[in-house]
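So the structure is just underneath, and the comments pick up after that.
The values are calculated or read from the model by the stated rules, or taken from the named source; none is laboratory data. Small disclaimer: the values here were computed from a predicted structure and weren't measured. Quick reminder, even Gly has a Cβ in these numbers, built from the backbone with ideal geometry, and neighbours come from all protein chains shown.
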Amino acid sequence: MTQTNTTMGENTPDWPSRTWFRRPSTWTWSGFGLVLMVYAELAWRRRWMSDDGLIVLRTVRQILAGNGPVFNIGERVEANTSPLWTAVLSVLGLIPGVPLEWISAVTGLLFSVAGLFFGLDGARRLYQPLAFHGLAPAGALVVCALPPFRDFATSGLETGLITLWLGGTWWLLVRRMSTMDELRTWPVALVAGLGPLVRPDLALFSAVALAALFVLARPGRRRVLGLLAVAAALPLAYQVFRMGYYGLLTPNTALVKEASEANWARGWAYLTDLVQPYWLWLPLLALAAAVVTVASTVDKTFAVLTAVPVVGAVLLALYVIRVGGDFMHGRMLLPALFCLLLPVLALPVTRVTVVLLAVVGIWAVVAAGSLRPSYSASPRAVGVTDERSFWSRATGHEHPVLAEDYADHLLMPTTLEAIRGVSGPAVLIQDYATRRWYAYSTDRPYVTVAADSMGALGLLIPLDMRLRDGYGLANPFAAHSTSLVNGRPGHQKWLPPVWELANSARLPIAEGGPARGEDVAAARAALDCPAIVEIDASVRDPLTAGRFADNLIGSFTRGSVRFPRVATPPVVCGN
């Protein structure tokens, strides 16, 4: 709806004569404030830091220590998916005396609440001509009711930043096109173009938002090119940096999760895992019906502004489903769901919609209080998992926020004891059958730890120790290995510790440990293949101008290199 229609509602001649508590805006803003406080309170009650969130903080610590955006010193691997989230935490990490874990958790919560606020105000502006009796924060109740929205607000992951960016981008579009505010177009384009820096897949929403901006603002051809330049400037600059610094077109995590492959069956199961336990179809249908009743006659602006988040939601959801979802319950679908809710976060109260809004309210109470996936009480992490509940039980802390809380995990004391027991450079690997750690001599001047869970451990050990995970998030060799058949979502890669011995240990390998000499020799021969040698050089060679250029050029093909995760002689080099 355009501003020319806003002579209705509170802008009628008798509106100034109403007492404050009878004005629709009073009830609208009271409802908004209440739902924002409820969401903040519910999310705070579920405060925690995921192990994956702690992975981000090791990179932040390296940046603050002057070692660059790396997980391990001397190894240029982009272990974090969101460059902008890493940058935000690196700036806030300069605050003295506050643990990074708390900075991350609190910032994520504030960003989540701010994103919900921008979404609510965007809906208010969209429906302002129809809000004769005020608006109810109906869709926002879905955000409050669903545990994943609450859990991942403080998880240390980029979810809060995503919520803020999605809500803020849509708010800017609505404010630019549906009001008479003197808001210039280029700031909208600048913010809308940040999607790839928030998370690479959000480039889909950036494209939809920019297309809508051009359709509604109708700039000339030269103006369109200028706005595209504004939108692409920061993402393009970072992309050049990524290619030259890390030597890849994508974050290393995209190789680990094989983001270019399709697994529709597992993706649909992941979608069902979110929708079914909460009867999510019920509030979505009620909200859609409410929109139809209040928007029976719409103009082009209203239609386009409503379509932006809906189309964005479909594209984001299809991408997640295509790649097979994730192992964290609901996490990867939250951006798509929040997009879908943006036009209905608040809806006008009418005689018809009040019934539908009541249905949403009743559902929200039931969902928040009793609807959960069946595995939420399971002590094991298999397949899709309620990640917060798992780590809360595993660490014995209701709110595991600090890395020290994760030190109380059952397996962590022996790991830390083995690391502290090393007197000099060595390669530490674990026998997974006995859970015993073995130290092997090395010619490298540092300690290398071959581990699996690496978030908390990365914060509990010194920065000058190398932590090489078998899953490949900070291990370029594992990232380029072939996938496990039917591997857990998000954990398709697992490179056995023998590869770390082949890469770092002094040969021959001492007998008596979990690794056999012939296996290490086969892995060492595989690592001598030219394609793998080039991967190692792109990560470890000093970053000269020549290396930057070689990395940039090689990034177009380097991401396609794969080698068998089990090395067996004779070794055949190739992609």
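Considering only residues that are part of a helix (DSSP H, G or I) and more than 21 Å from ARG466 (Cα to Cα), which ones fall in region 509-547?
First, the residues of region 509-547 that are part of a helix (DSSP H, G or I): 517-527, 530-540, 545-547.
Residues satisfying the conditions are GLY517, GLU518, ASP519, ALA521, ALA522, ALA525, ALA526, PRO530, ALA531, ALA545, GLY546, ARG547.
Mind counting the residues in region 272-293 that are assigned to a helix (DSSP H, G or I) and either surrounded by fewer than 17 Cβ atoms within 10 Å (Cβ to Cβ) or at positive phi (or both)?
In the first step, residues of region 272-293 are kept if they are assigned to a helix (DSSP H, G or I); the result is 272-275, 281-293.
With either surrounded by fewer than 17 Cβ atoms within 10 Å (Cβ to Cβ) or at positive phi (or both) added as a condition, the list becomes 272, 275, 281-282, 285, 288-289, 292-293.
Final tally of qualifying residues: 9.
To keep it simple, each residue is scored yes or no on (1) within 23 Å of the chain's Cα centre (by Cα); (2) of a type in the set (Asp, Glu); (3) closer than 17 Å to VAL70 by Cβ.
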site: TYR446; (1), (2), (3): no, no, yes
site: GLY470; (1), (2), (3): yes, no, no
site: GLN492; (1), (2), (3): yes, no, no
site: PRO508; (1), (2), (3): no, no, no
site: GLY513; (1), (2), (3): no, no, no
site: ARG516; (1), (2), (3): no, no, no
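Between residues in region 531-542 that are surrounded by fewer than 16 Cβ atoms within 10 Å (Cβ to Cβ) and residues that are hydroxyl-bearing (Ser, Thr, Tyr) and at pLDDT below 95, which pairs lie under 6 Å by C-beta distance while being six or more apart or on different chains?
none
Determine which single condition SER104 fails, assuming it passes every other condition in (1) surrounded by fewer than 22 Cβ atoms within 10 Å (Cβ to Cβ); (2) assigned to a helix (DSSP H, G or I).
(1)
Just to be sure, is LEU210 under 16 Å from LEU341 (Cα atoms), of a type outside the set (Gly, Ala, Ser) and at pLDDT 95 or above? Steps first, please.
Values: under 16 Å from LEU341 (Cα atoms): no; of a type outside the set (Gly, Ala, Ser): yes; at pLDDT 95 or above: yes.
No: the conditions fail for LEU210.
Suppose we keep only residues that are assigned to a helix (DSSP H, G or I) and of a type outside the set (A, V, I, L, M) within region 51-67. Which one would you say is nearest to ILE95 (Cα to Cα)? Please lay out each step first, then the result.
Narrowing region 51-67 to residues assigned to a helix (DSSP H, G or I): 51-64.
Adding the requirement that they be of a type outside the set (A, V, I, L, M) leaves 51-53, 58-59, 61-62.
Details: ASP51: 23, ASP52: 22, GLY53: 19, ARG58: 16, THR59: 17, ARG61: 13, GLN62: 16 Å.
Restricting to residues being assigned to a helix (DSSP H, G or I) and of a type outside the set (A, V, I, L, M), the top hit is ARG61.
Mind checking which residues of region 141-171 are more than 17 Å from VAL275 (Cα to Cα), among the aliphatic types (A, V, I, L, M) and in a helix (DSSP H, G or I)?
Result: LEU161, ILE162, LEU164, LEU166.
Taking region 230-282 only, how many residues are farther than 25 Å from PHE327 by Cα and in contact with a Leu (Cβ under 9 Å, 6 or more places away or on another chain)?
13
If you scan region 412-465, which residues turn out to be modelled with pLDDT of 90 or more, surrounded by 12 or more Cβ atoms within 10 Å (Cβ to Cβ) and assigned to a loop (DSSP other than H, G, I, E, B)?
Result: VAL422, PRO425, SER441, ARG444, TYR446, ILE461, LEU463, ASP464, MET465.
How many residues, within region 17-35, are at pLDDT below 90, among the small types (Gly, Ala, Ser) and either under 25 Å from LEU342 (Cα atoms) or in the same structural domain as VAL365 (by TED's automatic domain parsing) (or both)?
So the answer is 1.
Given the options GLU387, GLU404, GLU398, name the one that is acidic (Asp, Glu), touching a residue at least 40 places away in the same chain (Cβ under 8 Å) and closer than 28 Å to TYR270 by Cβ.
On the way: GLU404 fails: closer than 28 Å to TYR270 by Cβ; GLU398 fails: touching a residue at least 40 places away in the same chain (Cβ under 8 Å).
Answer to the check: GLU387.
What about VAL174, is it within 30 Å of SER555 (Cα to Cα), more than 20 Å from the chain's Cα centre (by Cα) and not in a loop (DSSP other than H, G, I, E, B)? Break it down stepwise before answering.
Numbers: within 30 Å of SER555 (Cα to Cα): no; more than 20 Å from the chain's Cα centre (by Cα): yes; not in a loop (DSSP other than H, G, I, E, B): yes.
When the stated conditions are applied, VAL174 does not pass them.
Yes/no per residue for (1) touching a residue at least 60 places away in the same chain (Cβ under 8 Å); (2) crowded, with 24+ Cβ neighbours inside 10 Å:
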{"residue": "PRO137", "(1), (2)": "yes, yes"}
{"residue": "PHE152", "(1), (2)": "yes, yes"}
{"residue": "LEU157", "(1), (2)": "yes, yes"}
{"residue": "THR163", "(1), (2)": "yes, yes"}
{"residue": "GLY168", "(1), (2)": "no, no"}
{"residue": "LEU197", "(1), (2)": "yes, no"}
{"residue": "ALA203", "(1), (2)": "no, no"}
{"residue": "ALA207", "(1), (2)": "no, no"}
{"residue": "PRO219", "(1), (2)": "no, no"}
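In this structure, is TRP29 out of contact with any strand residue (DSSP E or B) (no Cβ under 7 Å at 6 or more places or on another chain), of a type outside the set (A, V, I, L, M) and in a loop (DSSP other than H, G, I, E, B)?
Numbers: out of contact with any strand residue (DSSP E or B) (no Cβ under 7 Å at 6 or more places or on another chain): yes; of a type outside the set (A, V, I, L, M): yes; in a loop (DSSP other than H, G, I, E, B): no.
Judged against the criteria, TRP29 is not a match.
Going by the structure shown, is THR253 surrounded by 17 or more Cβ atoms within 10 Å (Cβ to Cβ), at pLDDT below 90 and assigned to a helix (DSSP H, G or I)?
Details: surrounded by 17 or more Cβ atoms within 10 Å (Cβ to Cβ): yes; at pLDDT below 90: no; assigned to a helix (DSSP H, G or I): yes.
Answer is no for this residue.
Which condition number in (1) assigned to a loop (DSSP other than H, G, I, E, B); (2) under 28 Å from the mean Cα position of the chain (by Cα); (3) not acidic (Asp, Glu) is the one that VAL566 fails?
Failed condition: (2).
Looking at ARG516, ARG506, can you tell me which residue is modelled with pLDDT under 90, of a type in the set (Lys, Arg) and in contact with a strand residue (DSSP E or B) (Cβ under 6 Å, 6 or more places away or on another chain)? Quick ask: steps written out before the conclusion?
Details: ARG516 fails: in contact with a strand residue (DSSP E or B) (Cβ under 6 Å, 6 or more places away or on another chain).
Exactly one residue qualifies, and that residue is ARG506.
For region 256-266, name all the residues that are part of a loop (DSSP other than H, G, I, E, B) and loosely packed, with under 13 Cβ neighbours inside 10 Å.
Of region 256-266, the ones part of a loop (DSSP other than H, G, I, E, B) are 257-263.
Residues satisfying the conditions are SER260, GLU261, ALA262.
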